[in-house]
Amino acid sequence: MFAAGISRRFFLFGWSHMHKLLMAVDRLSTFVGRVFAWSIVLLTLLVSWEVFSRYILNHPHPWALDAQIMLYGILFMMAGAYTLAHQAHVRGDILYENFSPRTQASIDLVLYIIFYLPGILALTWAGWNYANESLAIRENTFSPDPLPLYPFKFIIPAAGALLLAQGLVEILRCVICLRSGSWPERLKDVEEIDVDELKAMVKDEAQELERENRA
């Protein structure tokens, strides 16, 4: 019994620190995702200005298309860890959602180890070499008004590192779920609400308010 008590206290101590680690990586991925989400605003303003300048002022900018592609690439790459942290990637849940948490964790763990980790490690490693080669030659875009391309290419290994950290945290979540039988807590953020869900929420609130008025 003494050994069991020591083991339990050790597990609780380890779980406390592990939970802090999970939340810390979730917060990092969320913060980065929120910051770089503003690039969609910059992209919208840039596209709108270029359309106005090109068709109203008859003064197009050769660098504008390159800048648009870079901004979209930055948004796409740097949102990956955020999307993974909040389970927002597209997935086929027809069968998966009906499985028990342990079965879900088993499937996820196998897929993370076999497919996710090798792919992200390759992306990060190749992206780092790719960016350094671009830096060595001070690569620019092929345009009459060229933009420096090498800073943009460093987004690739940066995004890969974030995805790797978030992926390792997701693997830890799978291990915890396999042991406890339930998924550990996940950082919450603003989510899009389905129209039917919104109607149901409004209906429930109206019914609750009506019951309170009757009481």
Dipole magnitude (debye, nearest 20) for the chain, charges at Cβ of Lys, Arg, Asp, Glu: 880 debye
Extreme residue, positive dipole direction of region 2-214, given options Ala136, Leu178, Ala105 (C-beta unit charges): Leu178
P(r) histogram, all alpha-carbon pairs of region 83-210 included - 10 Å bins from 0, percent: 11, 26, 24, 20, 13, 5, 1, 0
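What stretch of the chain, leaving out the sites themselves, is the longest with no trypsin sites (Lys or Arg not before Pro) in a DSSP loop having at most 10 other Cβ atoms within 10 Å?
Details: sites that count: Arg91, Arg138, Lys188.
The segment 1-90 is the longest one with no such site.
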Reach of Lys203 by Cα under 15 Å, taken over aspartates and glutamates that are not fewer than 8 positions away in the same chain: Asp194, Glu212
Loop chymotrypsin sites (Phe, Trp or Tyr not before Pro), region 97-150, which have at most 14 other Cβ atoms in a 10 Å radius of their Cβ (DSSP): Phe99, Phe142
Helical segments meeting 27 Å axial Cα length and Kyte-Doolittle 0.5 threshold in the chain (DSSP H): 2-37, 155-180
Gaussian network model of the chain, springs between alpha carbon atoms under 10 Å - residue of Ile113, Ile137, Ile74 with greatest fluctuation: Ile137
From the coordinates shown, Cα Rg over 2.2 N^0.38 Å corresponds to which of (1) 1.17; (2) 1.39; (3) 1.00: (2)
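Since every read-out is calculated from the coordinates, none of them should be taken as a lab result. Treat the numbers as computed from the prediction; the structure is a model and nothing was measured. Note that we place each Cβ from the backbone using ideal geometry, even for glycine, and neighbour counts take in every protein chain shown.
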